[in-house]
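The values are calculated or read from the model by the stated rules, or taken from the named source; none is laboratory data. Not measured: the values here are computed from a predicted model. Cβ atoms come from the backbone with ideal geometry, glycine included; neighbour counts cover every protein chain shown. The protein model used for the area step is the full one, side chains on, heavy atoms only, and it has no ligands, DNA or RNA in it. Shrake-Rupley method; radii C 1.70, N 1.55, O 1.52, S 1.80 Å.
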Amino acid sequence: MLEVKGLDCGYNGKVILENVSFTAKEGDMVCLLGSNGVGKSTLIKTIVGLLIPYKGDIFINNEDTRNLIWKDRAKIISYIPQVFSSMFQYKVLDIVLMGRTSYLGLGSSPSKEDRDIAMEAIEKLKITHLKDKIYSRLSGGERQLVKIAQILVQQARIIVMDEPTNNLDFANQTIMLNHLKKCIDMSMTIIMATHFPDQAFLYGTKALLIKDGNVTEIENPNENLTETYLRDLYDIDLKVISLGLSDISRKVCLPVF
Amino acid sequence: MKNCVLYILIILLLVIFLISFGIGRYPISIALLVKVLFSKILPIQVTWPEVVNTVIFQIRLPRIIAAILIGASLSTAGVVYQGMFKNTLVSPDILGVSAGSAFGASLAIFLSFNMVKIQIFAFIFGLVGVALTYFVSLKVKENITIGLVIIGVLVGSTFSSLTSLIKYLADTNDKLPTITFWLMGSLSSITLQDIKFILMPIGLGMIPLYILRWRLNVLSLNEEEAKTMGLDTFVLGNIVIICSTLMTAASVSISGVIGWIGLVIPHLSRMIVGPNYKVLLPTTALLGSAYLLIIDSFVRSLVEVEIPLGILTSLIGSPFFIFLLLKSRRG
């Protein structure tokens, strides 16, 4: 469980977000919504430890994360940045194996067991055919799946992602989100920044609306994330429409011209 | 398969090692060489003139060991820096170590110091150059990696200007040629004493890098990814800088500036075994040793007057590098 309490965060001495508090439990998918440059990435980087908070605390499983070393932190929380790649021509399997870093001793390299864990993740994501391909030459969608495999072998229960569906085509977005849904079903916790309110409707158990340095927490966005909230968040005219699909109610958010 | 490459390289290095003993103004056959070498441990009757012993143990052996150590050091420093700076065009000189050493040596020659002091000055000023770069770049808030590269270039250029100043002021009959020749890089006057001088710093640099080599893969990823995957990039980055600097400063202090090897050999190694440091690091070290040993053998046998090694490494290095770039572009 992740608990953020009274957090002030920012960088270079500038406060971007003030007094942020929320919790994310097992099985939660928390969607961070807000315009460009509003501080989504800042909040995310602070949560994973890349930025030091000015005030407030971040607890994971009731443990203060402030003084955690990277090795211990990596075992409980993992992160997928907006952009990632490698300058060098590593094979996909090598890239996935790097997810085992926090479990390996200083002088050791991945063992047979680490390889098995990596292969299991690769098979789970149905990318076995990519295992010997060069990572940096893959398409954006394939690379994203490899990155997820790497995060899975890291075996942290909390995954934080900065716009994971950015640059993905429509099918790959859906494939990606379905994989994340499976993680949630295995009672992991996902926190992700997104530009699509629809994703919050469809997958979110919680939404955080970020605007003007403030964060509004909304439980069960499919029910409670109303047109008013979204209009206020993005400052444009829009409409939320309910679709009467077979057994569940689904909502989509559309701009109004 | 990849371990196979390592075994082949070890055998290759051994063969070049034996052949290079025989090469030079005083030719020695491999049969004689083997006999002489074994005579040190086995009771073999000495049937050769004393001069053979002198040539092998006093002249060629130090030079060959130096080529092996320096070739391995410069290539290893290059390959680990390229990963850390995520740029394949980075060479061991990037943080100003060679420029610092060159200045230290020039200053010592200018002040008429003896050979030992020249080496110590070169070594210390190499460390000073990198230390300057490091501590100034810590003040650059934005991005430590980019800060290091920019400050490194500036520090390097400052030391080069100071070296030029010393050359300008130096006595043109005696000191200027000595400085100029030193800067070109050569293994021609290496003694066993020099080897003892560099063995420790090179060992101190090489061993930690060899032990930590798998982690260098993670270090070569984007810094935020590496950290959140559990790698303390700050600590490992510092270890890499210290180790590379020790190896490069030690090498430069006894051989002068030998360029290009730290750039070309990592590229060639990556083409052969791929980017995984588990195999890449030993491959690069072995290949670097073999390369420098071959070039140095050419240097001392090709023409009547010995060409400085540094000239030949860049003369061969730069076209070879262009060839590698073209080849990898196509592949």
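Look at segment B:150-172: where a residue is in a helix (DSSP H, G or I) and a partner is β-branched (V, I, T), sitting 6+ places away or on another chain with Cβ atoms under 6 Å, you get B:I151/B:T133; B:I151/B:V136; B:G152/B:I94; B:G152/B:T133; B:V155/B:T133; B:K167/B:I179.
Screening A:L43 on (1) away from chain B (no Cβ under 13 Å); (2) closer than 17 Å to A:E163 by Cβ; (3) open to solvent by 40 Å² or more (accessible area, probe 1.4 Å) shows it passes everything except condition (3). Of all the numbered requirements in (1) at pLDDT below 95; (2) closer than 30 Å to B:I239 by Cα, A:D94 misses one, and that requirement is (1).
For (1) surrounded by 15 or more Cβ atoms within 10 Å (Cβ to Cβ); (2) under 22 Å from B:G259 (Cβ atoms); (3) under 18 Å from the mean Cα position of the chain (by Cα); (4) basic (K, R), each residue gets a yes or a no:
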residue	(1), (2), (3), (4)
B:V149	yes, yes, no, no
B:S157	no, yes, no, no
B:S160	yes, yes, no, no
B:S164	no, yes, no, no
B:K167	yes, yes, no, yes
B:P177	no, yes, no, no
B:T180	no, yes, no, no
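Taken residue by residue, segment B:256-268 has at least one member that is at pLDDT 95 or above and within 14 Å of another protein chain (Cβ to nearest Cβ). The helices (runs of 4 or more DSSP H) located wholly in segment A:40-133 that include 2 or more residues which are in contact (Cβ under 8 Å) with a residue 60 or more places away in the chain, over 30 Å from B:L89 (Cα atoms) and among the hydrophobic types (A, V, I, L, M, F, W, C) occupy A:40-48, A:70-76. For segment A:180-203, the set of residues classified as over 12 Å from the mean Cα position of the chain (by Cα), buried (at least 17 other Cβ atoms within 10 Å of the Cβ) and over 20 Å from A:I236 (Cβ atoms) consists of A:L202, A:Y203, listed by residue number.
With a requirement of 3 or more residues that are modelled with pLDDT of 90 or more and open to solvent by 40 Å² or more (accessible area, probe 1.4 Å), the helices (runs of 4 or more DSSP H) lying completely within segment B:1-62 that satisfy it span B:2-22.
A:M119: more than 11 Å from chain B (Cβ to nearest Cβ) and over 21 Å from the mean Cα position of the chain (by Cα), yes or no? Write out each step before concluding.
On the way: more than 11 Å from chain B (Cβ to nearest Cβ): yes; over 21 Å from the mean Cα position of the chain (by Cα): yes.
Criteria met by A:M119.
Only one of the numbered conditions (1) within 30 Å of A:I58 (Cα to Cα); (2) open to solvent by 30 Å² or more (accessible area, probe 1.4 Å); (3) within 11 Å of chain B (Cβ to nearest Cβ) is not met by A:A74, and that is (2). Of all residues being under 20 Å from A:V160 (Cα atoms) and not hydrophobic (A, V, I, L, M, F, W, C) in segment B:218-232, which is farthest from the chain's Cα centre (by Cα)? Just the residue, please. Selected residue: B:T228.
Condition check: among the polar types (S, T, N, Q), open to solvent by less than 30 Å² (accessible area, probe 1.4 Å) and under 17 Å from A:D162 (Cβ atoms). Does A:S86 satisfy that? For A:S86, the condition - among the polar types (S, T, N, Q), open to solvent by less than 30 Å² (accessible area, probe 1.4 Å) and under 17 Å from A:D162 (Cβ atoms) - is not met. Taking the numbered list (1) within 8 Å of chain B (Cβ to nearest Cβ); (2) open to solvent by 20 Å² or more (accessible area, probe 1.4 Å); (3) more than 17 Å from B:D232 (Cα to Cα) in turn, A:P81 passes all entries but (2).
Residues that are in contact with a Leu (Cβ under 7 Å, 6 or more places away or on another chain) and within 14 Å of another protein chain (Cβ to nearest Cβ) occur in segment A:150-163; there is at least one.
Applying a threshold of 6 Å to beta carbon distances and a minimum spacing of six or more residues, or different chains, the list of pairs starting in segment B:227-250 at a residue that is on the phi > 0 side of the Ramachandran plot and ending at one that is surrounded by fewer than 21 Cβ atoms within 10 Å (Cβ to Cβ) and of a type in the set (D, E, K, R) reads B:G230/A:K71.
The condition of being open to solvent by 20 Å² or more (accessible area, probe 1.4 Å) and touching a Ser or Thr at 6+ places or on another chain (Cβ under 6 Å) holds for only one of B:I68, B:I94, that being B:I68. Residues that are at the interface with chain B (Cβ under 9 Å from one of its Cβ atoms), of a type outside the set (F, W, Y) and either open to solvent by 40 Å² or more (accessible area, probe 1.4 Å) or under 13 Å from A:Y135 (Cα atoms) (or both) within segment A:98-116 comprise A:M98, A:L106, A:G107, A:S108, listed in sequence order. Of all the criteria given as (1) free of Cβ contacts under 8 Å to residues at least 40 places away in the same chain; (2) buried (at least 17 other Cβ atoms within 10 Å of the Cβ), the one not satisfied by B:P266 is (1).
Scanning segment A:57-64 for any residue that is more than 30 Å from A:F196 (Cβ to Cβ), crowded, with 17+ Cβ neighbours inside 10 Å and more than 14 Å from chain B (Cβ to nearest Cβ) turns up nothing. Scanning segment A:202-226 for residues that are in contact with a Leu (Cβ under 7 Å, 6 or more places away or on another chain) and outside any strand (DSSP E or B) yields A:Y203, A:G213. Scanning segment B:229-249 for residues that are open to solvent by less than 10 Å² (accessible area, probe 1.4 Å) and more than 21 Å from B:G96 (Cα to Cα) yields B:M229, B:G230, B:L231.
Taking the stated definitions as given, is A:N12 away from chain B (no Cβ under 14 Å), touching a Lys or Arg at 6+ places or on another chain (Cβ under 9 Å), surrounded by fewer than 17 Cβ atoms within 10 Å (Cβ to Cβ) and polar (S, T, N, Q)?
Numbers: away from chain B (no Cβ under 14 Å): no; touching a Lys or Arg at 6+ places or on another chain (Cβ under 9 Å): yes; surrounded by fewer than 17 Cβ atoms within 10 Å (Cβ to Cβ): yes; polar (S, T, N, Q): yes.
Considered against the rule, which asks whether it is away from chain B (no Cβ under 14 Å), touching a Lys or Arg at 6+ places or on another chain (Cβ under 9 Å), surrounded by fewer than 17 Cβ atoms within 10 Å (Cβ to Cβ) and polar (S, T, N, Q), A:N12 comes out as no.
Looking across A:G34, A:G49, one residue alone is away from chain B (no Cβ under 14 Å), of a type outside the set (V, I, T), at positive phi and surrounded by 14 or more Cβ atoms within 10 Å (Cβ to Cβ). It is A:G34.
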